[in-house]
Amino acid sequence: MKAILLAGGKGSRLRPLTIHTPKPIVPIFGRPFLHYQIDLVKKLPEIDEVILSLNYQPRRIEEIFGYGDGLGVKISYVVEPAPLGTGGAVKYAGGTLDETVVVFNGDVMTQVDLATVLRLHRERKAKATIVLTPVENPTAYGLVETDPDGNVRRFLEKPKADQITCNTINAGIYILEPDTFDRIPKDTAWSIERSYFPSLVERGETFVAFVYQGYWIDIGTPEKYVQVHRDIMDHRFSAPPFEGSPQNFAMVSAEARIEDGATVEGPCFIDEGTIVKAGAHIAPYSALGRQCHIEEEARIDGSILWANTRVGRDALVRQSIIGRHCHIGRNSILDGGIILGDKSVVTDYSKL
Ligand code: GDD
Ligand code: MG
């Protein structure tokens, strides 16, 4: 059985972080995001191949995952010549399949038990089974109404506030029967949410919902990207590298250097090669990538720094996300919600 991970979007809501790093491989504690999804999909023993459906910067992604050597599952790639949308991408990647397929949005993190979902799909002899999750505000998602027997009755992508009739949304995880792909036009941009799912409802096909009450997040906005780090550090979501660690753990790589007189407060993460100089302070919910330099008396608080970034002495970086190879000048203040793309330079004494 194959799993298709839809990982071809541009990640526009995460710009500027995604200008040089496509969303599927943005680092979560230095680990490319798709690793977390591959971990989950692999738990389903039937899966013998993960197909990454790509469009934006595919080479970068292929370099990381290769053929899946060492990952415990075969990885293959399908690269669209132009973005085909979520439906077009499923057709392009899975159009020749003749067995049940698992499809994932490439930006969701969850611990749903796929074996249970697959069992339900088979028991109900469904054409499609969709995982739903309850959220407070469905407007950013696909709203899914169900009947008391767990059948999907309506699918409405990105509903307006006055169209909200329930709190269950599409979690971006589907089990599909490829004999339904005939309605997806070939080589045309087409939305699985706006066209394919509504067509299943219209045609009265067996379209089943599985409501998952556990952890689920779409990492596609800066707020959610920060949130997933916090959730892993707080064990709201159990995942590497904090799996099994004590509460409020300061996870400092053995290859990082924390100088005498520097303070590090957990929960936080400091990757290999990073140096924290004397008098510097790493406050909770910070994550520092590889080879960062935090100079004397600098303070990093609730922020995510990608690799190779330097923070000058007496600078403050609070509640912000800083890309790779950035230089934050001494005494500068980055206070709240700042997002810097790779190679940004902040002049000494700047206030952002
Ligand atoms: N291959 C390919 N080609 N992948 C694509 C394309 C494309 O043209 N367009 C989007 N994708 C991938 C994205 O990379 C992402 O992993 C996934 O499809 C979903 O696209 P998003 O752009 O992240 O959609 P969304 O978050 O606004 O909404 C979707 O996800 C929600 C759950 O997070 C919808 O499926 C909603 O219904 C759902 O609730
Ligand atoms: Mg998304």
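The values are calculated or read from the model by the stated rules, or taken from the named source; none is laboratory data. Being a predicted model, the structure only gives us computed values, none of them experimental. Don't worry about glycine lacking a Cβ; one is built from the backbone with ideal geometry, like all the others, and counts go over all protein chains shown. These area figures cover heavy atoms from the full protein model, side chains too; ligands, DNA and RNA do not enter into them. Shrake-Rupley method; radii C 1.70, N 1.55, O 1.52, S 1.80 Å.
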Expressed in nanometres to one decimal, the distance between label points 7 Å along Cα→Cβ at A278 and E145 is 6.8 nm
With a point put 7 Å past each Cα toward its Cβ, work out how far R124 is from E255 in nm, to one decimal. 4.7 nm
Which lysines have a Cα less than 28 Å from the Cα of K277, not counting those fewer than 8 places away in the same chain? K343, K351
Would you work out the charge dipole size for the chain about its Cα centre, treating the Cβ of every Lys and Arg as +1 and the Cβ of every Asp and Glu as -1, and quote it to the nearest 20 debye? 640 debye
Mean Cα-pair separation over length for the chain, i.e. relative contact order, pairs under 8 Å, 6 or more apart, %: 13 percent
Pseudo-spin-label distance D182 to D98, built 7 Å along Cα→Cβ, given in nm, is 1.5 nm
DSSP beta bridges in the chain, what fraction antiparallel, as a percent rounded to 5? 30 percent
Excluding same-chain residues fewer than 8 positions from K43, which lysines have a Cα within less than 22 Å of its Cα? K2, K74
Roughly how many Å² of E49 are accessible to a 1.4 Å probe, to the nearest 10? 20 Å²
The relative contact order of the range 246-346, taking Cα pairs under 8 Å that sit 6 or more residues apart, comes to a percentage of 17 percent
Which value in deg cm²/dmol, rounded to the nearest 500, describes the helix-derived mean residue ellipticity at 222 nm for the chain, given -39,500 (n - 2.57) per DSSP H run of n ≥ 4 and division by the residue count? -4500 deg cm²/dmol
Return the FRET efficiency for the residue pair E265, E223: r is the Cβ-Cβ distance, R0 is 25 Å, and the value is rounded to the nearest 0.05. 0.65
Which shape class, rounded, prolate or oblate, goes with the range 246-346 when its Cα gyration tensor gives a ≥ b ≥ c as root eigenvalues, a/c under 1.5 marks rounded, and past that a/b bigger than b/c marks prolate? rounded
Whole Å is fine, so just give me how far the alpha carbon centre of the range 95-170 lies from that of the range 297-323. 39 Å
Nearest-0.05 FRET efficiency for K74 and T116 at R0 = 35 Å, using Cβ-Cβ distance, is 0.90
Report the Stokes-Einstein translational diffusion coefficient (µm² s⁻¹, integer) for the range 108-154, Rh taken as the Kirkwood radius over Cα pairs, at 10 °C with viscosity 1.306 mPa s. 130 µm²/s
Under 13 Å Cα to Cα from K224, which aspartates and glutamates show up? Leave out anything in the same chain fewer than 8 places away. D107
What residue among H325, P267, W190 has its Cα farthest toward the positive end of the dipole of the chain, where the charges are +1 on Lys, Arg and -1 on Asp, Glu, each on the Cβ? W190
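Could you give the length gained on full extension between E202 and R154, defined as 0.36 nm per residue of separation minus the Cα-Cα distance, in nm? Walk me through the numbers before you get to the answer.
On the way: separation 48, 0.36 × 48 = 17.28 nm, distance 0.90 nm.
Additional length available on full extension: 16.4 nm.
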